[in-house]
Amino acid sequence: MTAITLSPRARKRLINRGLDTLTWLVVALMLAPIFWLVASSLQNDGQLARGSYDLLHPTLQAFRDMWKTIDFERYFINSAIICTVAALLATAFASTAGYALARFPFRGAKPFGLAVIGTQLIPGSMFLLPVFIGFLWIKQHIGIQLFDTRVGMILVYTAFFTPVAIYFMRSFFQAIPRDLEEAAQVDGCTPFTAFVRVILPSAAPGLVATFVYAFLFAWDELLFVASLTEHNAETLPIGIRLFIGNYGQYYGQLMAAGVVATIPVVIAFFAAQRWLVRGITAGAVKG
Amino acid sequence: MSTPTLQPEVRADVTTTTEPARSPGPKRRSRPNRLPYWLIAPALVVMVLVHVLPAIGGLVISFKKFNLFTFRELFGAPWNGLENYRSILLDTDNPLHSGFWGAVSNTAVYTFWTVSGTLVGGLAIALLLHRKMPGQRVARTLMLVPWIVPSYVVAVLWAFMWQSDVGIINKILVDYTHLLGHRPIWLLGPNTMWAIVIPSIWRGLPLAILIFIAGLQAQPAELHEAAAIDGAGPLRRLRFITLPLLRPLIGVQLLFGVIYSAYQFAIPTVMFGSNPGPDADLMMTFIVRQSFSNQLYGLGAAASTLLMFVMLAWVAVWYRAFRRDLEVS
């Protein structure tokens, strides 16, 4: 027994190595499903249906076939257009509203701030049907088709993700020193031109982070697109389920489609990672 | 919501009289400051159009007899009083009554496990990643990845892995490690709850880890060092220093975690279709199915309203518990 008695120093080192190993095990476990997603996308459908794998002989066949099995391109392009435009608009609206909340103690600021959070409390199912009815009403009375159009989905998503974007932008504006506007106003800017010419450019990282954040959420949305579209404006979450349908079990292609659907958000995320992380943690720390 | 139209004028008069005396700056502003209202106007308009008015519409529909037959009349559909509410809450003859309560209890179970799993797991992993170690940055970045994977990809991926015969999870649990003697069926029956809880935790963990790490980094190291010198072991330091200091962060995540989980829709829907079965049917899947597959719009709206009031009650309870943490931060 005496052989395994360790000095306190050695014991501490052993514990540390153990905890390091545990950390990497946890990392591996968290990434395992993603590894499996990618690994399966590189197998063929027949093998996957039998549950057999040949990881040493990957094939890109599924990535080629997935565009033919279903009209995946349509879903992908719809997602890309709707989410990009909606996230841009939400960021634009949120940048002005977030600036107002961060800088002006205007009357109604507090109720407005509360209303912004309040929107997050309304379950989507509650206003989904009225939005649908609203679309029908607009079609009847104004003649603008919104149901099953990209414009309709962009409108809905813009409104959807504006509230979170406002809080995001507000925390970025709060981090900008006030001297900046004051200096700009001394130089002859009005409050609004100071905002456009001086504050917005220095909040660029915040704008990027907010855009990416809104984009990630829009990319993920299913409830509204499932009810407010039927063909033309359908997006990825609708399309992806068709690989497993009555007419076939294309698991390889399903996983390949999953990889393709994830790539845009991974790129967006890592492009803006530093600022995004700052925005999320700042928001959470401030409440 | 209508205050901005009237109130600014009142305030503006006050500011114009006081401002010249207070700030003899180079650019004297004598006009009332309407700028903030112009700045919030676009956001306000879209929020009123897509959130507020439709939510009021939803509330109105919950008191109407609104179904396939009356749909053409839109808001002219006959009033139904509290009948929608009564039929799902109390009417034992209504077949949807038990479905509703089943969804209520499933949602409670789902929310409890998802939120507690995410917070406890997130804190534990954040503590691990807070330690200095080689490759710490890489480990932290890799840990974020599951959060970026879209919910519907999470759902199809896990449904694929949960398959009883050929899925990788049963292969590992049964064939490779022999941890289990039989093959569990994950996508049917009671296990369906775990089939949605576990992917939800998996996807939620990165955000919790991220927030907890930020909170841990903000804690003054001297506090921990002083406690260590006074002889407090790691567990006591966790209990009496780390956790109390993390309380506001735990609070924020509890608040939004519960709301987000209670409104979960995508994962069960993509995994199981519009009817996830009696063991995994959540409030949102129940409401959407009754509204859009069965055209019971009034009933769905009543259930939505009830769900919203439960969440309002949760916010009130939360506020009482965490009010003092809000003031600190």
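Tell me, B:64, A:139, B:132, B:171 in order of fewest to most beta-carbon neighbours within 10 Å?
B:132, A:139, B:171, B:64
At a Förster distance of 30 Å, what's the computed FRET efficiency of residue B:315 paired with residue A:190, Cβ-Cβ distance as r, to 0.05?
The value I calculate is 0.15.
Could you tell me the calculated FRET efficiency between residue B:217 and residue B:93, based on Cβ-Cβ distance and R0 = 41 angstrom, to the nearest 0.05?
Efficiency computed from Cβ-Cβ geometry: 0.10.
For every helix of n ≥ 4 consecutive DSSP H residues, a contribution of -39,500 (n - 2.57) applies; sum these over chain A, divide by its total residues, and give [θ] at 222 nm rounded to the nearest 500 deg cm²/dmol.
-23500 deg cm²/dmol
Taking the Cα centre of region A:35-176 as the origin, how large is its charge dipole in debye, to the nearest 20, when only Lys and Arg (+1) and Asp and Glu (-1) carry charge on their Cβ atoms?
So the magnitude is around 640 debye.
Regarding chain B, what's the average projected area of the Cα-atom convex hull, expressed in nm²?
27.3 nm²
Please work out the FRET efficiency for the pair residue A:54 and residue B:124, using the Cβ-Cβ distance as r and a Förster radius of 41 Å; give the result to the nearest 0.05.
0.65
Which order do B:34, A:170, A:241 fall in if you start with the one that has the fewest other Cβ atoms within 10 Å?
Least to most surrounded, the residues fall as B:34, A:241, A:170.
Using the alpha carbons of region A:85-233, what is the convex hull volume per residue in cubic angstrom, as a whole number?
Looking at region A:85-233, the number lands at 131 Å³ per residue.
Cα centroid distance between region A:1-69 and region A:167-201, in Å?
Comparing the Cα centres of region A:1-69 and region A:167-201, I get a distance of 48 Å.
Could you work out the Rg to Rh ratio of the protein assembly as shown, with Rh taken as the Kirkwood radius (inverse of the mean 1/r over all Cα pairs)?
With Rh from the inverse mean 1/r over Cα pairs, Rg/Rh is 0.99.
Quote the convex hull volume per residue of region A:1-147, based on C-alpha atoms, as a whole number of Å³.
Given the Cα convex hull of region A:1-147, per-residue volume reads 334 Å³.
What list of ³J(HN,Hα) couplings, whole Hz, do you get for region A:70-84 from phi and the Karplus terms 6.51, -1.76, 1.60, once you set θ to phi - 60° and write x for glycine and proline?
10, 7, 4, 4, 4, 4, 5, 5, 4, 4, 4, 5, 4, 5, 5
Output the direction-averaged projected area (hull surface divided by four) of the convex hull of the alpha-carbon atoms of region B:239-321, in nm².
7.0 nm²
Rounded to a whole number, what is D in µm²/s for chain A from Stokes-Einstein with the Kirkwood radius over alpha-carbon pairs (25 °C, 0.890 mPa s)?
In µm²/s, the coefficient is 109.
Grab the eigenvalues of the alpha-carbon gyration tensor for region A:203-287, scale each by 5, take roots, and send me the semi-axes largest first in whole angstrom.
32, 15, 10
By the scheme Lys and Arg +1, Asp and Glu -1, what is the net charge of all other residues having a beta-carbon under 15 Å from that of residue A:208?
+2
Please turn the phi angles of region B:112-128 into ³J(HN,Hα) values with the Karplus equation 6.51 cos²θ - 1.76 cosθ + 1.60 (θ = phi - 60°), one per residue in order, whole Hz, x for glycine and proline.
Working through the residues one at a time gives 4, 5, 5, 5, 5, x, 5, 6, 5, x, x, 5, 4, 5, 4, 4, 4 Hz.
Averaged across A:129-137, how many Cβ atoms of other chains sit within 10 Å of each residue's Cβ atom?
6
Counting only helical runs of four or more DSSP H residues, what would the 222 nm mean residue ellipticity of chain B come to if each run contributes -39,500 (n - 2.57) and the total is spread over all its residues?
-21500 deg cm²/dmol
Hey, what did chain B get for relative contact order, percent, Cα under 8 Å, at least 6 apart?
This gives 24 percent for chain B.
Relative to 2.2 N^0.38 Å, what does the C-alpha radius of gyration of region A:64-140 come to as a ratio? Two decimals please.
Region A:64-140 yields a ratio of 1.63.
In nanometres, what is the gap between the two model label sites at residue B:293 and residue A:180, each 7 Å from Cα along Cα-to-Cβ?
Roughly 5.1 nm, to one decimal.
How much net charge surrounds residue A:116 when only other residues with a Cβ under 12 Å from its Cβ are counted (Lys, Arg +1; Asp, Glu -1)?
Once all neighbours under 12 Å are counted, the net charge is +2.
Quick check on the exposure proxy: order A:181, A:221, A:73 from fewest to most C-beta atoms within 10 angstrom.
So the ranking, lowest neighbour count to highest, is A:73, A:181, A:221.
Treat each spin label as a single point 7 Å out from the Cα along the C-beta direction, and report the residue B:41 to residue A:74 distance in nm.
For residue B:41 paired with residue A:74, the spin-label model returns 4.0 nm.
So how compact is region B:127-239: Cα radius of gyration and Dmax in angstrom?
Reported Rg and Dmax, both Å: 19.5, 56.
Any chance you could check the Cα centroid distance between region A:127-162 and region B:247-310 for me, in angstrom?
Going from one Cα centre to the other spans 22 Å.
State, in angstrom, two size descriptors of region A:99-169 derived from its alpha carbons: Rg to one decimal place and Dmax to the nearest whole number.
In order Rg, Dmax, the Cα atoms of region A:99-169 give 15.2, 42 Å.
Given H placed 1.01 Å from N in the peptide plane, which residues other than close sequence neighbours of residue B:64 have an amide H under 5 Å from its amide H?
Long-range HN contacts for residue B:64: B:80.
What's the local net charge at residue B:192, with K and R +1, D and E -1, over the other residues with C-beta under 10 Å away?
-2
Read phi for every residue in region A:197-212 and hand back ³J(HN,Hα) as whole Hz from Karplus 6.51 cos²θ - 1.76 cosθ + 1.60, θ = phi - 60°, with x for Gly and Pro.
8, 10, 6, 4, x, 7, 9, 3, x, x, 5, 4, 4, 5, 4, 5
Between residue A:244 and residue A:29, with labels modelled 7 Å along Cα→Cβ, what's the label distance in nm to one decimal, could you check?
With each label point 7 Å from Cα toward Cβ, the separation is 2.4 nm.
Computed from the coordinates by the stated procedures, all read-outs in this text should not be read as laboratory data. Treat the numbers as computed from the prediction; the structure is a model and nothing was measured. Cβ coordinates were reconstructed from backbone atoms using ideal geometry, including for glycine residues, and neighbour counts include every protein chain displayed.
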